[in-house]
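The values are calculated or read from the model by the stated rules, or taken from the named source; none is laboratory data. From a predicted model like this one, the values you see are computed outputs, not experimental measurements. Cβ atoms come from the backbone with ideal geometry, glycine included; neighbour counts cover every protein chain shown.
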Amino acid sequence: MSYEAISVFDMFKIGVGPSSSHTLGPWKAALLFLKSLEQNKISERVQNVQVLLYGSLAKTGKGHGTDVAIQLGLSGEDPVVFDINKINTKLQEIKVNNKILLNGIHAVHFIASEDILFLFAESLPLHPNALTFLVTLQTGEKFAETFYSIGGGFVIKEGPSEIKKEIVTPAFPINTAQELLHWCMKTGMGISEVVMENEQTWRSEEQIKSDLLNIWLVMKHCIFKGCHTEGVLPGGLNVRRRGYELNKRLIQDKAYHDYDSWTSAIKQGGNAFKYTLDWVSCFALAVNEENASFGRVVTAPTNGAAGVIPAVLQYYICFCEEVTNEKIIQFLLTAGEVGSIFKKGATISAAMGGCQAEIGVSSAMAAAALTECMGGTQRQTLMAAEIAMEHHLGLTCDPIGGLVQIPCIERNTMGAIKAITASQLALQSSPDFAKVSLDGVIKTMWNTALDMNSKYKETADGGLAVNIPISLSEC
């Protein structure tokens, strides 16, 4: 197996909901296409642009905001910093003017309902999430490029790349859990320490720590905002937000004014099982309700599963011990590495592997991170990841109405709780007696993905999506 270098910051991306593969991926693809136009020196000669969506992108693209992401991407907006409060204003400008400013500069004729084509019956062979950008130049010539959104905001372009990537090999090359364990045993370092050494291939240690704390900053702001925003989620299912009401009920009359004082107020309630369980659910609900509302989230490793890792980390902060910034960094380093091993050995795309590839992977990442932070050995840490994934095997992706709402939001609560349970089991167990390895469960997950019927892979053609009689209505 050839080595694939994946950074923790590839696994954790700041962006906009509701989907990393259907929103963030197409958005990034549009930005890459703009770069191609510039490199070919044809940006100023574009007369009109069309976008063709295939497979899963076509079938659930509307519910996932793929058309929204494409328009923002073609406009040159950056998903990391774009003001999410201006999404509707931006779309309205394009609609009223029947024009889109490519990269914010060059105006071309564009009507979203006509120029973004949902090809429901067509798929491309490389990946179910495919899209083609097609422009007509003022001379009548055509220029097209096809991209694949392969999960977690990762995007690849069809055909040879004009840009030759420098091959980077960090200090400890890792493709599998066994290789990670090998380096830990050889060096005597913990998992997060090995990952920190590898990350210094790309960034200084100071920058790594700063960037990871910024990732957590976005996560905790998302939790806090989701717990303090009420109403109905967009999209037509009329799903009521539950994070707000649950937070209000649990916090009772305790006074607070910001995230830190809110966290302190939560701690005052103790750590009884039911109280803790309710809060973990609340944290996860809050994040994914923000995600469903085109909010600012961190892909971890996907948007549909964005609530699991923040919920478990917030649980650790509120109910386990006094947590320092170093512990938060340790948590994210461990989680990111486990996620990258899943990506290398299987997939993090629901369109390829069902929801086991999203909620299952995020639960495994969180379980491993919590276990290391709680003092678990390297082998217990990997055991926790294995346990978490083992009990997500075969989980389908069957979003009702093609929206990242039912059952997606609740699944984040389940993934978080399973992560905590898996961590506790691993901490109380000896890996010497384990029958299943993390690499074994990753291989099994991939085999399961290959065997899974395509209608259960983010198409809304099977499962709950067709068995629950809910009709969409415009909100």
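Some observations on this one:
- Filtered residues of region 48-89 (kept if in contact (Cβ under 8 Å) with a residue 40 or more places away in the chain, more than 25 Å from residue 158 (Cα to Cα) and not aliphatic (A, V, I, L, M)): 63, 82
- Candidate set from region 172-188 (those that are in a helix (DSSP H, G or I) and hydrophobic (A, V, I, L, M, F, W, C)); member that is surrounded by the fewest Cβ atoms within 10 Å (Cβ to Cβ): 185
- Residue pairs meeting the criteria (Cβ under 6 Å; at least 6 apart or on separate chains; first assigned by TED's automatic domain parsing to the domain that holds residue 354, in region 292-321; second basic (Lys, Arg) and surrounded by fewer than 24 Cβ atoms within 10 Å (Cβ to Cβ)): 299/13; 318/267
- All positions within region 370-413 that are β-branched (Val, Ile, Thr) and farther than 23 Å from residue 179 by Cβ: 396, 400, 404, 406, 409, 413
- Set 317, 309, 328: member being in contact with a Ser or Thr (Cβ under 7 Å, 6 or more places away or on another chain), of a type in the set (Val, Ile, Thr) and surrounded by fewer than 24 Cβ atoms within 10 Å (Cβ to Cβ): 317
- Unique match (being β-branched (Val, Ile, Thr) and under 18 Å from residue 286 (Cα atoms)) among 409, 400, 387: 409
- Of the numbered criteria (1) assigned to a helix (DSSP H, G or I); (2) modelled with pLDDT under 95; (3) over 16 Å from the mean Cα position of the chain (by Cα), the one residue 2 fails is (1).
- Taking each residue of region 164-188 that is at pLDDT below 95 and looking for partners that are surrounded by 11 or more Cβ atoms within 10 Å (Cβ to Cβ) and hydroxyl-bearing (Ser, Thr, Tyr) with beta-carbon atoms closer than 7 Å, six or more apart or interchain, yields 168/201; 169/3; 170/201.
- Summed over region 266-303, residues that are within 30 Å of residue 458 (Cβ to Cβ) and part of a helix (DSSP H, G or I) total 16.
- Residues satisfying the stated conditions in region 216-243, i.e. in contact with a Cys (Cβ under 8 Å, 6 or more places away or on another chain) and either farther than 18 Å from residue 408 by Cα or surrounded by fewer than 17 Cβ atoms within 10 Å (Cβ to Cβ) (or both): 232, 238
- If you go through region 125-152 and keep only what is closer than 27 Å to residue 45 by Cβ and among the aliphatic types (A, V, I, L, M), you end up with 130, 131, 134, 135, 137, 144.
- Meets criteria (under 24 Å from residue 20 (Cβ atoms), buried (at least 17 other Cβ atoms within 10 Å of the Cβ) and either in the same structural domain as residue 362 (by TED's automatic domain parsing) or in contact with an Asp or Glu (Cβ under 6 Å, 6 or more places away or on another chain) (or both)) for residue 339: yes
- Residue list for region 12-45, restricted to those being farther than 24 Å from residue 459 by Cβ and aromatic (Phe, Trp, Tyr): 12, 33
- Residue match in region 189-200 (condition: assigned to a loop (DSSP other than H, G, I, E, B) and surrounded by fewer than 18 Cβ atoms within 10 Å (Cβ to Cβ)): yes
- Pairs where the first residue, in region 231-244, is without any contact (Cβ under 8 Å) to a residue 60 or more places away in the chain and in the same structural domain as residue 403 (by TED's automatic domain parsing) and the second is surrounded by fewer than 17 Cβ atoms within 10 Å (Cβ to Cβ) and small (Gly, Ala, Ser), C-beta under 9 Å, 6+ apart: 240/231; 241/231; 244/231
- Members of region 259-275 found to be touching a residue at least 12 places away in the same chain (Cβ under 8 Å) and either over 25 Å from the mean Cα position of the chain (by Cα) or surrounded by 22 or more Cβ atoms within 10 Å (Cβ to Cβ) (or both), listed by number: 262, 265, 266, 267, 268, 269, 271, 275
- Filter result for the condition that a residue is outside the structural domain of residue 123 (by TED's automatic domain parsing), under 28 Å from residue 65 (Cβ atoms), among the aliphatic types (A, V, I, L, M) and in contact (Cβ under 8 Å) with a residue 40 or more places away in the chain, over 419, 434: 419
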